[in-house]
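Beneath this line is the structure, given in C-alpha cells, with notes to follow.
The values are calculated or read from the model by the stated rules, or taken from the named source; none is laboratory data. If you're wondering where the values come from, they're calculated on a predicted model, not measured in any experiment. Methodologically, a virtual Cβ is constructed for each residue, glycine included, from the backbone with ideal geometry; neighbour enumeration extends over all protein chains shown.
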Amino acid sequence: MIKIVRINPLLEILRASPFRVQKIFIQKGTSKIRVREMRERAEELNIPLRFADKAKLDRMHPYHQGVVGHVADKGYVSLESILSASSTPFLVLLDEVMDPQNLGAIIRTAEGAGVDGLILPERRSAGLTEAVWTVSAGAKEHMKMSRVKNLARCMDDLRDRGLWLVGSEGKASEFWYEFDYTLPVGLVMGSEEKGLRPGVQKKCDKLLSIPMLGQVASLNVGAAASIFIYEVVRQRKSGKK
C-alpha cells in the first residue's frame, strides 16, 4: 500500500483503477473543486472516506494537498503483454535509473508520447514509490511497466522479436535523430551518474548522442529521454526520418 497525497494522481486512479483505492482522508473544510469531485466519485464507488483536520493529515504526510489516499500498488505486467499491444512496438528500457524524480518524469513523458511500455531491471532501479506517483502526475496509472531480472538478456529477446535497440550515449558520433524510428524500437537510457553500462551498450544496435554546446557535460536522464522519445513521435507522425 502506498499513500497518494496529490489531487491529480489520486483523481486519475479513481478514474482508471478505483478498485485499488482502499480509503481516502480529506481535510475538513476544504473547498477545492477537485477535492469535491474526488469526494463525489468516491461516494459513488462506496470507497471509505474519512474527514480529518490539517494537523492529522500533516502527520500522515507533510506535503499533502488536502487529501491522503491509501492505494494498493499497481505493480508490473509481463513483457509479453506489452509487446502484444502494437505491431510496431515502441519501448523504453531504463538501465539502473535510481532517482524516483527522473523515473516519474520519464513515465509522464512516455505515457504522453504513447510509448507502449517501460522495461526496468529488478535490481538497482528506482521502485514505484510515492515520489514516482507524484512526479508522474497520474501517468503511471496508464503506463505499462515490466520488471526483468537481466536487462541485457531482455535486450537479446527483444532483438529476436524484431526490435531495434537504440542507446543514449554522450560520446557517440551520431546524433539522436539519425535513426529510422518508424521501425519497432526500444530506446535504452542509462543511469544518472554513469550512463549505460558497457555490457548494455554492446547489446545496442545503435548508440546516439545529444550534443552539449554549453559548459554542462550532460543532461539528466529524464530530459534526455524526452528528446529521444519525441523524436520517435515526430518521425512516426510525419513518416519522415
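Just a few scattered comments:
- Residues that are more than 10 Å from the chain's Cα centre (by Cα) and among the acidic types (Asp, Glu), drawn from segment 86-113: Asp95, Glu96, Asp99
- Test: Arg123 is surrounded by fewer than 22 Cβ atoms within 10 Å (Cβ to Cβ), outside any helix (DSSP H, G or I) and not hydrophobic (A, V, I, L, M, F, W, C): yes
- So Glu174, is it of a type outside the set (Val, Ile, Thr), without any contact (Cβ under 8 Å) to a residue 40 or more places away in the chain and either assigned by TED's automatic domain parsing to the domain that holds Arg161 or closer than 17 Å to Ala105 by Cα (or both): yes
- Residue in segment 99-113 that is part of a strand (DSSP E or B) and at pLDDT below 95 present: no
- Being assigned by TED's automatic domain parsing to the domain that holds Val221, in contact (Cβ under 8 Å) with a residue 60 or more places away in the chain and in contact with an Asp or Glu (Cβ under 7 Å, 6 or more places away or on another chain) is not true of Leu183.
- Taking residues in segment 16-28 that are touching a residue at least 24 places away in the same chain (Cβ under 8 Å) and under 11 Å from Ala52 (Cβ atoms), and partners anywhere that are surrounded by 14 or more Cβ atoms within 10 Å (Cβ to Cβ) and of a type in the set (D, E, K, R), the pairs with Cβ atoms closer than 7 Å and at least 6 places apart or on different chains are Ile26/Arg39.
- For segment 42-69, the set of residues classified as in contact (Cβ under 8 Å) with a residue 40 or more places away in the chain and under 13 Å from Leu14 (Cβ atoms) consists of Val67, Gly69, listed by residue number.
- From Arg59, Arg50, Arg41, residue being outside the structural domain of Arg123 (by TED's automatic domain parsing), in a strand (DSSP E or B) and basic (Lys, Arg): Arg50
- Identity of the residue in segment 138-150, out of contact with any Gly (no Cβ under 9 Å at 6 or more places or on another chain) and free of Cβ contacts under 8 Å to residues at least 60 places away in the same chain, that ends up farthest from Pro9 (Cα to Cα): Asn150
- From the options Gly222, Gly199, residue that is assigned by TED's automatic domain parsing to the domain that holds Leu151, assigned to a helix (DSSP H, G or I) and closer than 21 Å to Asp160 by Cβ: Gly199
- Scanning segment 144-187 for residues that are in a helix (DSSP H, G or I) and either surrounded by fewer than 18 Cβ atoms within 10 Å (Cβ to Cβ) or not aliphatic (A, V, I, L, M) (or both) yields Ala152, Arg153, Cys154, Asp156, Asp157, Arg159, Asp160.
- All positions within segment 62-88 that are touching a Lys or Arg at 6+ places or on another chain (Cβ under 6 Å) and assigned to a helix (DSSP H, G or I): Ile82
- Residue identified as more than 19 Å from the chain's Cα centre (by Cα) and more than 9 Å from Gly69 (Cβ to Cβ) among Lys23, Lys28: Lys28
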